[in-house]
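Since every read-out is calculated from the coordinates, none of them should be taken as a lab result. The model shown is predicted, which means the values in this text are computed figures rather than measured ones. Positions of Cβ are backbone-derived with ideal geometry, glycine not excepted, and every protein chain shown enters the neighbour counts.
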Amino acid sequence: MTERRNLMRALGLVAGLLIIAALAWTVFGAWDVITTFDWQPSFGWLALGAVLVFVSLCLSALAYEAILGGLHRPAPPVRATVGAWAKSLLGRYVPGNLLMVVGRAVMAQAHGVPRMVTLAATTYEQIIALAAAAMLAVVSLLDIGSSSAVGPAAWLVLGVPLVTLLMHPRVFGPASTWLLAKAKRAPLGALLPFRRVILMMGWYLVTSALLAFGVWAMMRGIGGPAIGDPVGVASGFLLAFVISMLVFVVPSGLGVRDAIFALVLSRQVPGEVAIALSVISRLLLIVVELVFVSLAAAWGRRAGRV
């Protein structure tokens with residue numbers, strides 16, 4: 001089983017890198033189109049986008065802290081949880097997000113949080129956050145889907161928010177107890193009330209919107225007004241994000257998200273330019289994320305070893 005998982009992770013990484021390579025080759029082959037495009041860089045828009053993405057990451061970290069605090073008392077110091085959450089982001093670039101979960105579990109255990117509680121908190125977080133992003137992505141799906149530009153599988157995004165129902169204690173409680181029993185572990189000591197799940201859904205709607213509009217602002221800061229309206233681009237980015245997350249074997253949606261987001265942008269700018277912008281958006285997001293991880297980790301160290 002372990003060998004099979006390792007093989008799937010390796011194949012996912014290779015698949016993602018091949019898609020990125022194909023996108024890069026397209027950009028290289030169409031360099032004349034890209035260089036003749038009327039680029040209108042604006043530091044102000046870039047800065048605004050970076051700030052929005054950074055705030056989104058901060059709120060996402062606090063959302064996870066609220067979920068973990070609802071599952072375990074006493075909760076670890078906020079700084080410790082935020083620092084651990086930030087550092088675990090680096091594990092997203094391993095297929096299946098396994099390293100991210102393991103990293104959180106190890107760091108939280110230093111503050112007395114059982115590993116199974118961290119796993120439960122991460123499950124709540126991932127499902128609720130994905131459902132919130134899917135709700136906002138529907139705008140783009142209805143627009144792009146009408147042109148048959150995406151495959152029929154993309155319409156599965158419409159059903160993602162319904163997965164939140166699995167977080168109801170009457171469902172998640174027996175399911176988690178059964179799974180833990182199979183692993184010879186004790187049941188969870190606490191579950192999130194469903195009203196808390198709904199509240200967290202609202203929280204993640206805000207974080208998703210900030211992230212998406214931050215990406216639009218950064219694209220606006222590079223390509224100028226030709227990029228398109230903020231709602232279309234922002235919801236299109238979330239559509240690309242949700243679909244890439246459903247393809248969980250590819251680390252951090254590598255290549256998948258970039259290709260779909262390029263498709264969204266290509267409705268406003270030449271396809272080659274759209275691909276270049278999509279790749280640039282990933283690079284910019286990585287830079288903002290690394291800045292956030294550095295600052296959050298430094299802040300977390302003040303709470304002791306995380």
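Summary table
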{"read-out": "Amide H contacts of Ser42 (H built 1.01 Å from N, under 5 Å, at least 5 apart or other chain)", "value": "Ile222"}
{"read-out": "D_trans [Stokes-Einstein, Kirkwood Rh over alpha-carbon pairs] for the range 148-248, 25 °C, 0.890 mPa s, µm² s⁻¹", "value": "149"}
{"read-out": "Exposure proxy ranking, count of Cβ atoms within 10 Å, fewest first, for Ser266, Ser244, Ser60", "value": "Ser266, Ser244, Ser60"}
{"read-out": "Sorted by Cβ density within 10 Å, fewest first, the residues Val102, Val242", "value": "Val102, Val242"}
{"read-out": "Fewest-first sequence of Ser281, Ser208 by Cβ atoms within 10 Å of each Cβ", "value": "Ser281, Ser208"}
{"read-out": "Whole-Hz ³J(HN,Hα) from phi, Karplus 6.51 cos²θ - 1.76 cosθ + 1.60, for the range 161-169, glycine and proline x", "value": "x, 5, 5, 4, 4, 5, 7, 5, x"}
{"read-out": "Contour excess over end-to-end distance, with Cα ends at Gln126 and Val171 and 0.36 nm allotted per residue", "value": "14.5 nm"}
{"read-out": "Estimated vicinal HN-Hα couplings, Hz - the range 205-214 in sequence order (Karplus 6.51, -1.76, 1.60; Gly, Pro = x)", "value": "4, 5, 5, 5, 5, 4, 4, 5, 5, x"}
{"read-out": "For the range 114-122, Karplus couplings with θ = phi - 60° (6.51, -1.76, 1.60), whole Hz, Gly/Pro x", "value": "x, 4, 5, 5, 4, 4, 5, 4, 5"}
